[in-house]
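This report concerns only the one structure given below.
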Amino acid sequence: MRKEDTVAESTRLSLTMADLADSAGRAFGPSSWRRITQDEVDLFARVTGDDNPIHLDAEVAAATPFGTRIAHGLLTLSLVVPLMAEVFEVEDAGMGINYGLNRVRFPAPVPVGSRIRVSGEVRTASEVAGGVQIEVPVTFEVEDAAKPACVAELVLRYYH
């Protein structure tokens, strides 16, 4: 891993369950950069059955407005798990779950071979039976791109 790929400790948000209820407004990230490979795109296509040529066929993709193969939007979104784990944690949670998404948009493509990273903020925190629910807007940035690849509002729940 190159030095510029590491995550600075100051970007990491580490909370306890007691802190979580009062965490609205706390930011985290960005994570380290992660390169998107054609092997990952091919595997995602096989697993999901999404074999759109824009993701898999270099010749077809070259003739599109993107000019190259691009990652699936949902592949990009799914990478929130490892990327966010680098920069956000609830230390003493017995369990954390993805409760859902309020909004997701894919404003720009992720060309295969490019690098992405994620950052976010706890927008709201509220108590639920046995735990805390947070709404977390996240942004996936593509290195050297003008627009983000994905903006999403995650709804996460943490339990003791």
| request: Taking amide H positions as placed in the peptide plane 1.01 Å from N, state which residues far from Thr124 in sequence (5 or more) or on other chains have amide H under 5 Å from it. | output: Glu135
| query | Which residue fluctuates the most in the chain, going by a Gaussian network model with Cα springs under 10 Å, if the choices are Ile54, Ile70, Ile97? | reply | Ile97
| note | Averaging 1/r across every pair of distinct alpha carbons in segment 68-149 and inverting yields a Kirkwood hydrodynamic radius, in angstrom, of 14.2 Å
| query | Where is the GNM fluctuation largest for the chain (alpha-carbon springs, 10 angstrom cutoff): Gly130, Gly96, Gly113? | reply | Gly130
| request: Would you mind checking which residues have amide H under 5 Å from Phe88's amide H? H placed 1.01 Å from N; only 5 or more apart, or other chain. | output: Leu13
| Degrees, to the nearest 10: 38-48 long Cα axis against longest axis of the chain | 70 degrees
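Looking at segment 1-102, which GluC sites (Glu not before Pro) are DSSP coil and have at most 14 other C-beta atoms within 10 Å of their C-beta? List each step's numbers first, then the result.
Values: sites: Glu4, Glu9, Glu40, Glu59, Glu86, Glu89, Glu91; in loops: Glu91.
Qualifying residues, ordered by number: Glu91.
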| task | Can you pull the one-decimal nm distance between simple spin-label points at Tyr99 and Val47, each 7 Å off the Cα toward Cβ? | result | 2.5 nm
| note | Expected vector for segment 11-28, Karplus 3J(HN,Hα) from phi with 6.51, -1.76, 1.60 and θ = phi - 60°, integer Hz, x for Gly and Pro, equals 8, 8, 10, 10, 10, 9, 4, 5, 6, 4, 4, 10, 9, 4, x, 7, 9, 8
| note | Percent of all alpha-carbon pairs of the chain at distances over 19 Å, whole number, is 57 percent
| Where the accessible area of segment 26-160 is counted over protein heavy atoms with a 1.4 Å probe, how much of it, in %, is carbon and sulfur? | 51 percent
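Per residue, how large is the accessible surface of the chain? Use a 1.4 angstrom probe and give square angstrom.
Values: 8590 Å² over 160 residues.
Averaged over the residues of the chain, the accessible area is 54 Å².
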| query | Within the chain, what percent of beta bridges assigned by DSSP are antiparallel, to the nearest 5? | reply | 90 percent
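The values are calculated or read from the model by the stated rules, or taken from the named source; none is laboratory data. These figures come from a predicted structure and were not determined experimentally. Every residue, glycine as well, gets a Cβ built from its backbone with ideal geometry; the counts of neighbours run over all protein chains shown. Protein only, heavy atoms only, side chains kept; ligands, DNA and RNA dropped before computing areas. Shrake-Rupley method; radii C 1.70, N 1.55, O 1.52, S 1.80 Å.
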